[in-house]
Amino acid sequence: MNEQDKFRATVKAVHRSLMLVLVAVVVFSGLLVFMMVDPDFSSLRSKDMASYEVVQPVEEVDEDLIVDGIHVRTGLIEADGFMEVVNNCTNCHSAKLVTQNRMNAERWAATIDWMQETQNLWDLGRNEEIIINYLVTNYPPLKIGRRAPLTGVEWYELKE
Ligand code: HEC
């Protein structure tokens, strides 16, 4: 091997190690940049279920759905005047409060007056009659009270 070949071999060796250093620097800086963008390397990890947020599908409930004659949203019986009741009587309180109170027409009128005077219930106009009719027809006062007096009983005298 003459001087020239020796020199060439040295240059080649130096060149190779320089290239290795260069590649190492490029790889290392690439890694650094990746770490800055994604510090916990999350995009390299396999996507297991736990890393997904569980999103429950929102069930769409049809506001006007009626099943077996019952308005599902309010529980009211579907009959004449039912929409007037839904629109005027379920805004402030549950429809349950309406239907659990079984009154006659006069008491309904008085209850509505009371709400208008003290609870900011608006003037119902012609709907008041429709609403009262609906309530009296579909939620009539229950016939509860004292049983009929007994008849045909032979009472006996208590003796001292
Ligand atoms: C502006 C709001 C509002 C609207 C609309 C409304 N109410 Fe009320 N209502 C109230 C408030 C407030 C109460 C008292 C609730 C309580 O005591 O918790 C009440 C109570 C009642 C009660 C119970 C009364 C009692 O003696 O305990 C009935 C029955 C009732 N409402 C029926 C109706 C009917 C029928 C309609 C439709 C015509 C209606 N409400 C519309 C506000 C309203």
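The figures follow:
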{"quantity": "Given (1) more than 10 Å from the ligand (Cβ to nearest atom); (2) not in a helix (DSSP H, G or I), index of the condition GLU129 fails", "calculated": "(2)"}
{"quantity": "Any hit, segment 144-156, residues being among the acidic types (Asp, Glu) and under 34 Å from the mean Cα position of the chain (by Cα)", "calculated": "no"}
{"quantity": "Output for segment 83-94, where each listed residue is among the hydrophobic types (A, V, I, L, M, F, W, C) and within 9 Å of the ligand (Cβ to nearest atom)", "calculated": "VAL85, CYS89, CYS92"}
{"quantity": "Test for ARG102: is it more than 10 Å from the ligand (Cβ to nearest atom), at pLDDT below 95, on the phi < 0 side of the Ramachandran plot and of a type in the set (Lys, Arg)", "calculated": "no"}
{"quantity": "Residue count, segment 109-120 (criterion: within 33 Å of the chain's Cα centre (by Cα) and under 13 Å from ILE131 (Cα atoms))", "calculated": "2"}
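Okay, residues lined up against (1) in a helix (DSSP H, G or I); (2) surrounded by 12 or more Cβ atoms within 10 Å (Cβ to Cβ); (3) in contact with a strand residue (DSSP E or B) (Cβ under 8 Å, 6 or more places away or on another chain):
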position: GLY75; (1), (2), (3): no, yes, no
position: ALA79; (1), (2), (3): no, yes, no
position: GLU84; (1), (2), (3): yes, yes, no
position: ASN88; (1), (2), (3): yes, yes, no
position: CYS92; (1), (2), (3): no, no, no
position: LYS96; (1), (2), (3): yes, yes, no
position: ARG102; (1), (2), (3): no, yes, no
position: TRP108; (1), (2), (3): yes, yes, no
position: TRP114; (1), (2), (3): yes, no, no
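The values are calculated or read from the model by the stated rules, or taken from the named source; none is laboratory data. Everything numeric here is computed off the predicted structure, so don't read it as measured data. FYI the Cβ positions are ideal-geometry reconstructions off the backbone, even for glycines, and counts take in every protein chain you see.
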